Amino acid sequence: MTNEDIPHAMMTRRNLLKLIGGAAASGAFALAAPRVSAATAKPFASRRPPADKRKFSSPAVEAEIARIQARIGDPELAWLFGNCYPNTLDTTVHMGTVGGKPDTFIVTGDIDAMWLRDSSAQVSPYLPLAAKDEALRQLYRGLIHRQAACISIDPYANAFLPDPRARTNLDWAQHDLTDMKPGVAERKWEIDSLCWTIRIAHGYWKATGDRAPFDDDWRAAMHLVLATFREQQRKHGSGPYHFQRASAVPTDTVPLGGYGNPALPVGMIFSMFRPSDDACIYPLFVPANAFAVVSLRQLAEMSRALHGDAAFAGDCEALAAEVQAALERHAVMHEGGEDFWAYETDGYGNQLFMDDANVPSLLALPYLGFCARDDARYRRTRDRAWGQRNPYFFRGKAAEGIGGPHEGLRMIWPMSLMVRALTTDDAGEIRQCLHWLKTTHAGTGFMHEAFDQDDPAKFTRSWFAWANSLFGELIAGLATSHPELLR
């Protein structure tokens with residue numbers, strides 16, 4: 001496929017990534033995954049950029065790589081960890097200052113824009129190291145400042161540009177029918193975008209006790225988060241957000257004038273898109289509402305401790321309680337005498353069951369902090385998500401796992417394997433997930449967006465930093481919780 005094969009009106013993120021995947025396979029993007037001749041390469045030679053070509057360096061991260069690799073008995077698994085764990089820092093971080101404050105802009109990898117969700121998730125694995133590394137603390141301070149600035153530009157946008165004055169340079173977003181603003185790369189309203197900014201801020205504060213990034217600008221952005229969540233409960237009409245895109249891919253646009261399919265204002269927050277950037281069918285998206293419950297309570301905790309703002313904290317807790325109660329009333333399905341969580345609902349009684357590999361997902365509910373791993377309803381939901389009840393569960397010769405509409409049928413996302421391993425204490429389950437992850441990277445040494453259930457050589461996105469970071473987070477966690485699985 002070439003650029004000429006795709007009419008401009010049909011250029012979408014999916015099509016662009018297919019082109020990028022082809023370029024990567026032919027040797028482009030060598031910074032992320034350099035190609036090495038089989039005749040000259042040492043077994044498991046590092047695929048990291050040379051030290052002087054890395055975007056960001058952390059002594060604590062380098063020490064952690066050495067510490068954990070020394071505990072991994074499998075050379076290939078150790079090699080994968082060494083490549084993946086630092087990939088975000090090596091290739092995606094851009095540091096600077098804005099208005100005298102540190103500024104951190106983090107691209108997703110093969111797209112030169114910053115997603116609020118991805119940028120937060122990409123640096124989550126380094127939180128345990130931040131207290132002992134000033135360079136990392138500067139990175140987090142800069143990211144928290146940058147995300148607050150992004151939210152102040154537009155709380156409904158999911159992705160942003162380095163220059164807040166620039167117009168989007170993403171081909172697929174050039175002609176979107178929405179209230180596009182300077183600095184915005186894409187304007188897909190996804191609840192989880194705002195939740196992730198709270199999650200990384202809360203995680204950083206808990207890890208370091210540092211109060212520096214939580215200034216008046218951040219505080220104002222968090223007030224805007226709460227106001228946006230309230231607005232999208234749609235108790236007083238549809239609100240200001242609308243989005244339409246001319247695309248051959250139906251999940252890239254929103255029906256009914258860009259306001260979404262009908263749903264009742266039952267207390268849940270409306271979301272037009274999932275974390276996959278695919279449009280919701282029913283706009284009451286359950287995993288993101290569950291994530292919002294957790295995030296609002298974290299924001300309340302921070303507001304009391306950092307700003308002494310009991311009134312705002314109480315408002316956050318009130319909304320969290322309202323959303324959780326609405327989830328219990330409208331998002332629980334019943335089948336065969338058992339109850340489990342729906343994926344989407346509309347408040348009229350219609351419910352959709354499936355799961356998607358992107359986080360938040362039903363599989364990831366304990367990872368997000370919404371419930372315990374052994375919660376009975378979660379276990380029943382998990383069993384259905386990881387099986388034939390889920391239309392996006394695939395089982396093939398190479399592996400089994402969850403995908404989603406974004407890359408289509410047969411395509412398993414390694415992220416689903418990582419989340420499965422992160423949400424269980426069963427050593428056999430974890431060992432199986434590690435085996436699949438180790439045997440499906442197609443010799444690249446990195447994690448991908450998705451691979452064919454029967455042929456891992458057919459994959460998308462050779463440079464997808466979130467997947468690499470999540471793999472690193474999994475292995476680093478196992479070094480503490482299940483070290484025997486790495487020996």
For this session: Collect the residues in segment 144-196 that are of a type in the set (A, V, I, L, M), in a strand (DSSP E or B) and within 30 Å of Ala300 (Cα to Cα), keeping them in residue-number order.
Result: Ala159, Val184, Ala185
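Restricting attention to segment 41-86, which residues are closer than 19 Å to Gly109 by Cβ, in contact with a Pro (Cβ under 7 Å, 6 or more places away or on another chain) and open to solvent by 20 Å² or more (accessible area, probe 1.4 Å)?
If the condition is that a residue be closer than 19 Å to Gly109 by Cβ, in contact with a Pro (Cβ under 7 Å, 6 or more places away or on another chain) and open to solvent by 20 Å² or more (accessible area, probe 1.4 Å), then Arg47, Arg48 are the ones that fit.
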Seminar exercise, completed: Among (1) within 24 Å of the chain's Cα centre (by Cα); (2) in contact (Cβ under 8 Å) with a residue 60 or more places away in the chain; (3) open to solvent by less than 10 Å² (accessible area, probe 1.4 Å), His242 falls short only on (3)
Exercise. If you go through segment 114-139 one residue at a time, how many are under 17 Å from the mean Cα position of the chain (by Cα) and either basic (Lys, Arg) or crowded, with 22+ Cβ neighbours inside 10 Å (or both)?
Worked result: 12
For this session: Being β-branched (Val, Ile, Thr) and touching a Phe, Trp or Tyr at 6+ places or on another chain (Cβ under 6 Å) is the filter here, so list the residues in segment 445-487 that pass it.
Result: Ile475
Exercise. Any idea how many residues of segment 293-351 are farther than 24 Å from Leu224 by Cβ, open to solvent by 60 Å² or more (accessible area, probe 1.4 Å) and in contact (Cβ under 8 Å) with a residue 60 or more places away in the chain?
Worked result: 4
For this session: Enumerate the pairs (first residue in segment 159-176 and more than 20 Å from Ser193 (Cβ to Cβ) and open to solvent by 70 Å² or more (accessible area, probe 1.4 Å); second residue anywhere and modelled with pLDDT of 95 or more and in a loop (DSSP other than H, G, I, E, B)) with beta-carbon separation below 6 Å, excluding pairs fewer than 6 apart on the same chain, so at least 6 apart or on different chains.
Result: Arg165/Pro182
Exercise. Among the residues of segment 277-292, which ones are surrounded by fewer than 24 Cβ atoms within 10 Å (Cβ to Cβ) and either part of a helix (DSSP H, G or I) or among the charged types (D, E, K, R) (or both)?
Worked result: Asp277, Asp278
Exercise. So which residues in segment 470-487 are of a type outside the set (Asp, Glu) and within 24 Å of the chain's Cα centre (by Cα), if there are any at all?
Worked result: Leu470, Phe471, Gly472, Leu474, Ile475, Ala476, Gly477, Leu478, Ala479, Thr480, Ser481
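The values are calculated or read from the model by the stated rules, or taken from the named source; none is laboratory data. Note that this is a predicted model, so its numbers are computed, not measured. Quick reminder, even Gly has a Cβ in these numbers, built from the backbone with ideal geometry, and neighbours come from all protein chains shown. These area figures cover heavy atoms from the full protein model, side chains too; ligands, DNA and RNA do not enter into them. Shrake-Rupley method; radii C 1.70, N 1.55, O 1.52, S 1.80 Å.
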